[in-house]
Amino acid sequence: MVGRRVCMKIYVRERQKVGEGVESPKYRIIAVTGGEVQIAATHFRKFEIEQIAKDVKAEVVYMKPVDDEHKKKK
């Protein structure tokens with residue numbers, strides 16, 4: 001693999017149980033591909049994720065919200 005660059009990606013989605021106007025971190029990291037990153041927290045602010053991605057030279061992929069029809073029924 002000489003000369004081939006592996007692109008690290010960090011997959012992120014918005015937390016689902018965050019109310020309007022709440023100041024708590026709004027995002028979760030779902031997966032990391034193409035490298036290793038140790039994650040110590042469970043919830044992140046957008047600028048924190050972007051800073052991590054910049055430091056490890058990764059691309060951030062923001063996942064679309066799941067439609068209600070595809071969510072797990074209780």
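Quick note: the coordinates plus some simple rules give every number you see, no bench work behind them. Because the structure is predicted, anything quoted here is derived from the model rather than measured.
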Sorted by chain and number, the residues with a modelled amide H under 5 Å from that of Ala58, at a separation of 5 or more or across chains, are none
Karplus ³J(HN,Hα) for region 47-58 (6.51 cos²θ - 1.76 cosθ + 1.60, θ = phi - 60°; Hz, whole; x = Gly/Pro) runs 5, 5, 5, 5, 5, 4, 4, 4, 5, 9, 6, 10
Going residue by residue through region 24-33, the Karplus relation 6.51 cos²θ - 1.76 cosθ + 1.60 with θ = phi - 60° gives ³J(HN,Hα) values, rounded to whole Hz and with x marking Gly or Pro, of 6, x, 10, 10, 10, 8, 8, 7, 10, 10
